[in-house]
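The values are calculated or read from the model by the stated rules, or taken from the named source; none is laboratory data. All values derive from a computational prediction rather than experimental measurement. So basically every Cβ, Gly included, is an ideal-geometry build from the backbone, and we count neighbours across all protein chains shown. Remember, those area values only see protein heavy atoms, side chains included, never the ligands or the DNA or RNA. Shrake-Rupley method; radii C 1.70, N 1.55, O 1.52, S 1.80 Å.
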Amino acid sequence: MSVELNKELINARLKALLDAWSKAGKNDDYSSIADVDAIFLAAGEDEPIRKGTAFQTWLLGYEFPSTFMLFQKDKVSILCSASKARILEQFQKYKTVVPVEIFIQAKAKDPPTDALPRFLEVFASHHRVGSLTKETNTGKLIDEWNKALSAAPQKPEMVDIAQSISSLMAVKDDDELKSTRTAANLTSTLLTHYVALKLETILDRETKISHEQFAAQIEARLGSGEGDNAKGPDMKVWAKGRGLNDVDWMSTEFCYSPIIQSRSSDGGYDLKSTAESTPNDMSHKGVFLVSVGIRYKGYCANVGRTFIVDPDKEQESIYNLLLTLQADLLQKMKDGAVARDLYQHALSVVKKQKPDLEKHFVKNIGFAMGLEFRDSSYLLSPKNGRQLKANMIFNLSIGFQDLEDEDNKKYALQIMDTVKIGHDKAICITDGVKSTKDTLFYLTRDDPGDDVKPAKKPPVKANGNASPMKNKTAGGKVLRNKTRSAAQEEVVQSTGAKIAEHQKELHQQLQEEGLAKYSEEGGGANGKEGKGWKRFQSYKGEAGLPKEVESLRIFVDRKAQTIVLPIHGFAVPFHINTIKNVSKNDEGEFTYLRVNFQTPGQLAGKKEDTPFEDPDSTFVRSITYRSTDGHRFDTISKQITDLKKEVNKREQQKKELADVIEQDVLVEVKGRRPIKLPEVFVRPALDGKRLPGEVEIHQNGLRYQSPMGTQKIDILFSNVKHLFFQPCDHELLVIIHVHLRSPIMIGKKKAHDVQFFREASDVQFDETGNRKRKYRYGDEDEIEMEQQERKRRQMLNKEFKAFSEKISEAAIASTGDALEPDIPFRELSFEGVPFRTNVRLQPTTECLVTLSDPPFLVVTLADIEIASLERVQFGLKQFDLVLVFKDFTKAPLHINSIPSAQLDDVKNWLDSVDIPIAEGPVNLNWGPIMKTINDSPYDFFRDGGWTFLGGTGEDSEQEEDSDTESEFAAESVESASDASSDDGSAFDGSDASDDEGSGSDFDDESDGDDWDELEKKAAKSDKKRAEVGTKGDDSDDSDRPKKKAAASKSKPKPKPNGKGKR
């Protein structure tokens, strides 16, 4: 690809350099170049990004290794190779402010030229030359230059001009600010939507992971691997950022490897920008320092945060001081401010509020950034007298180090942000995860005297579709409400109001995302291609026809999947896929055989959208044959029908297995025995007798080995989407469950899930040999058995949990992606019917699952677009939940018959995992709805999107209320007996007794009445109803019958059938 230089920009920046040079005597920022005759900048080979390479990129737009540039007030001289000279000729031929002269070095194989001596001659003709004297360069050209310079008879005096170069690049133009803002958005998005959430999960589950591994996982969000194994950016993270739709990912990289520090870091906490993540495991308590910097198109942005688990009062106070100090400094950092004055101001604030922290305050509070990550010329230190100017970019870094907590352990606190200097104040262009409610994590305790560790329980907050925990439960969970008073305030606030407000935001966000995702051009079919026309070829020519056709009789060729029909003396073959069906009728002595073909325009149910190559052609719809041989037509009809079924079955199997993948080869562990979990069963079961086998952890996956050694199941870590561990508390099985990204073949069936389990019951333990049983009976024996059962379950849980963590560690080491064992939250579970049987559905951090019995259900929460609650009506004992996926081509998941008593729990959970909720009184027909959406998703969202479900509109709710009222009023007679039998009935005793007509059916005193008395009561009731209908009596006793009559007369309603209106 040819390199195109931005010649106008190069000329403008060259002019800025020459202007600053000519005025240098009057401006302190450029005093170092005031008395130099020339400026010399050299670039070596494979150099890190320093001031020299940064200046080259700033001026030319690209980095040119092994290139020398000599700036003079009347000319620019460049020494480079021939290939670079061809690029720089664009700059040379342009009308620049001063002429450009290029000295071309010869290639290694070619004879040397006089370019280097001539360039040296120009260089040596000056008395004082400005250069970056503190930078050392390497490379072949550098060695040749040093050799030639040492032999030169006359050498100029070298002057360091680093501060002047910094001043030249410090103030950013519009293009530079745009790249810096993009870098800041990338950094903030990574911090908010990955680093903070991931750290929270690690702390909450007490995941064993090193600082280095966590840093590597963060780096992998920009892509990892090379060649065929290369992975692109993690768009699940970046899609949540602002203004990142058109990012050039090839120009995006990390400024440094992310820095993760905890109290277990080797060497303690280090607030320098050169700190590194250590290889030892992270602590799960105390202070955590996280720093991330991203470079976009060369321009840097940086952010750093402090997270504290179980902070004491002093740590809270110091952290709040940092927040206050940062806000104060942003007001002071403006055009004309002096670096040392800013530091002294910060120090004075610390002295005033916490004098004892003065000695712990950092030695500088930041530095300028740009193409160079850390420009020491603009260090915000007590000795730097340089002034800040508008549109400079700084890394504002404030903190305290070498502090001691209540346990006498050292810690440090730090906040870093990228800020842009303005005329009146500075603004942060990085944001997120800074307030105390986002960075301070508290532990709840059951007993104040207990030594509580963070328990592996439901996570803190359900960010990014993660399941919540209930704030009321205690026991060492990390809480999302960070201040101690916030928990009480949230209890006071209405839960319903909070959900309604949050749902309004979610629906609005869903609508905006839908409109942004589907443009008018890309609207149809959700990006999926429709059905295509398939060509069928029975035979390649007449020679391929079977011999049986010579008799010109109907022949079924099973091998070619063809039916050969005689038409006007010709044998005409028809592929079985062109035939719809065949029918046979007997009329008198003749038997009629009719063959119906697939043609356009037929109402054939699911096949009505069958494509045709040319629907406007003339089609034969059917052919009828007549014969006196009824037995032969019976045989032909059966053969065609059987062949049709066989082909359809084969097509269906092929369709089902279309997404099955062929996994790579499992790489076995060498040099040691693999980690094993013995005596486990597998589901789906292997062929043969049901015997327990063992699971082994290998280098890149798992292997289940049957006890006979003849069968095995290999699962690669790269194909594992979710890993679950379900303990045997309140369950019969202890389970490790693997949910796959793509299904694999196990035996003759495809499997999306593979489960390893062991039974927790005591049936397999023989206790008949226990001597104590001879002498101990009754309660003591039962208590001992219960204790042994409890102990056995604890051992099973511990063994399986430890093995699942080993799987997680091996998967992280193999793929670099996090694979944490997810544990279902039983306290958030609810019952429902996702398939044919009623099961317990349990949320996990990332999924909704049922793992105890097949068929298994694993729904990834991040894949859910919206949840629709159906049949939510007063008086119904159950409701349904429909989960619509973001992939609209997938059929929605129906979970039916959820008890109405759990409605609030389900809504609270869905809201906590940021899933939009819709609610309605009836079941919807989702087939046509999804077909309409898939036809044009953009039109769907443009017309309001999911608002038709009525989950957020008030008008629809009022209409449903009035409709439901009249409906139930019209049918109270039929439903009264059902309602009275239910404790949660909509009718109370007083209302029922007031209405004699409906109350007589369930009056307790009428149980002993005979038929005559019942007939009299019925007649009396009918008479009273007739009087109410004609006279319109307004008495209290007749209020309800009147309303019923009017309702049923004006608007009859169908009787609810338990499933709601259809």
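Yes/no per residue for (1) open to solvent by 40 Å² or more (accessible area, probe 1.4 Å); (2) touching a strand residue (DSSP E or B) at 6+ places or on another chain (Cβ under 8 Å); (3) of a type in the set (A, V, I, L, M):
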site: Asp174; (1), (2), (3): yes, no, no
site: Lys178; (1), (2), (3): yes, no, no
site: Thr182; (1), (2), (3): no, yes, no
site: Ser188; (1), (2), (3): no, yes, no
site: Tyr194; (1), (2), (3): no, no, no
site: Ile202; (1), (2), (3): no, no, yes
site: Lys208; (1), (2), (3): yes, yes, no
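The rows are residues; the columns are (1) charged (D, E, K, R); (2) within 30 Å of Asp248 (Cβ to Cβ); (3) in contact (Cβ under 8 Å) with a residue 40 or more places away in the chain.
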{"site": "Leu132", "(1), (2), (3)": "no, yes, yes"}
{"site": "Glu135", "(1), (2), (3)": "yes, yes, yes"}
{"site": "Ile142", "(1), (2), (3)": "no, no, yes"}
{"site": "Ala152", "(1), (2), (3)": "no, no, no"}
{"site": "Glu157", "(1), (2), (3)": "yes, no, no"}
{"site": "Ser167", "(1), (2), (3)": "no, yes, yes"}
Members of region 622-636 found to be free of Cβ contacts under 8 Å to residues at least 40 places away in the same chain, under 14 Å from Pro566 (Cβ atoms) and surrounded by 13 or more Cβ atoms within 10 Å (Cβ to Cβ), listed by number: Ser627, Arg632
Criterion (open to solvent by 10 Å² or more (accessible area, probe 1.4 Å) and assigned to a helix (DSSP H, G or I)) met by exactly one of Asp402, Asp356: Asp356
So Asn229, is it without any contact (Cβ under 8 Å) to a residue 40 or more places away in the chain and over 45 Å from the mean Cα position of the chain (by Cα): no
Which numbered condition Gly514 misses (of (1) surrounded by fewer than 17 Cβ atoms within 10 Å (Cβ to Cβ); (2) at pLDDT below 90; (3) small (Gly, Ala, Ser)): (1)
Residue in region 820-833 that is in a strand (DSSP E or B), out of contact with any Phe, Trp or Tyr (no Cβ under 7 Å at 6 or more places or on another chain) and within 22 Å of Ser804 (Cα to Cα) present: no
Residues that are among the small types (Gly, Ala, Ser) and assigned to a helix (DSSP H, G or I), drawn from region 180-227: Ala183, Ala184, Ser188, Ala196, Ala215, Ala216, Ala220, Gly227
Scope region 276-290; condition open to solvent by less than 10 Å² (accessible area, probe 1.4 Å) and either in contact with a Pro (Cβ under 8 Å, 6 or more places away or on another chain) or farther than 18 Å from Tyr194 by Cα (or both); matching residues: Gly286, Val287, Val290
All positions within region 870-898 that are open to solvent by 40 Å² or more (accessible area, probe 1.4 Å), in contact (Cβ under 8 Å) with a residue 60 or more places away in the chain and within 23 Å of Thr844 (Cβ to Cβ): Asp887, His894, Asn896
Per-region count, region 540-583, residues of a type in the set (Gly, Ala, Ser) and either assigned to a helix (DSSP H, G or I) or more than 58 Å from the chain's Cα centre (by Cα) (or both): 5
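Kindly evaluate Ala106 against the criterion of being loosely packed, with under 14 Cβ neighbours inside 10 Å, hydrophobic (A, V, I, L, M, F, W, C) and at pLDDT below 90.
No; evaluated as a whole, the condition is false for this residue.
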Count - residues of region 229-242 that are of a type in the set (Gly, Ala, Ser) and either touching a Leu at 6+ places or on another chain (Cβ under 6 Å) or open to solvent by 60 Å² or more (accessible area, probe 1.4 Å) (or both): 1
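Matching residues to (1) open to solvent by less than 70 Å² (accessible area, probe 1.4 Å); (2) over 27 Å from Met158 (Cα atoms); (3) among the small types (Gly, Ala, Ser):
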residue	(1), (2), (3)
Phe68	yes, no, no
Lys93	no, yes, no
Val100	yes, no, no
Pro117	no, no, no
Looking only at region 359-395, and only at residues there that are assigned to a strand (DSSP E or B) and over 20 Å from Leu59 (Cβ atoms), the one that is most open to solvent (accessible area, probe 1.4 Å): Gln387
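Table: residues versus (1) in a strand (DSSP E or B); (2) closer than 27 Å to Pro156 by Cα; (3) hydrophobic (A, V, I, L, M, F, W, C).
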| site | (1), (2), (3) |
| --- | --- |
| Arg13 | no, yes, no |
| Gly52 | no, yes, no |
| Leu79 | yes, yes, yes |
| Gln90 | no, no, no |
| Lys107 | no, no, no |
| Pro112 | no, yes, no |
Residue match in region 35-57 (condition: without any contact (Cβ under 8 Å) to a residue 60 or more places away in the chain, of a type in the set (Gly, Ala, Ser) and open to solvent by 10 Å² or more (accessible area, probe 1.4 Å)): no
Flag for Lys51 being within 21 Å of Tyr378 (Cα to Cα), at pLDDT below 90 and of a type outside the set (S, T, N, Q): yes
Filtered residues of region 54-77 (kept if under 18 Å from Phe103 (Cα atoms) and either in contact with a Phe, Trp or Tyr (Cβ under 8 Å, 6 or more places away or on another chain) or part of a strand (DSSP E or B) (or both)): Gln56, Leu60, Thr67, Phe68, Met69, Leu70, Phe71, Gln72, Lys75, Val76, Ser77
Tally of residues being part of a helix (DSSP H, G or I), polar (S, T, N, Q) and out of contact with any Gly (no Cβ under 9 Å at 6 or more places or on another chain) across region 903-944: 3
Residues located in region 830-851, provided they are within 26 Å of the chain's Cα centre (by Cα) and open to solvent by 30 Å² or more (accessible area, probe 1.4 Å): Arg840, Glu846
Region 536-585, subset of a type outside the set (S, T, N, Q), within 20 Å of Gly630 (Cα to Cα) and in contact with a Lys or Arg (Cβ under 8 Å, 6 or more places away or on another chain), residue most open to solvent (accessible area, probe 1.4 Å): Lys584
Residues of region 596-626 classified as touching a Leu at 6+ places or on another chain (Cβ under 7 Å) and either modelled with pLDDT under 90 or aliphatic (A, V, I, L, M) (or both), total: 1
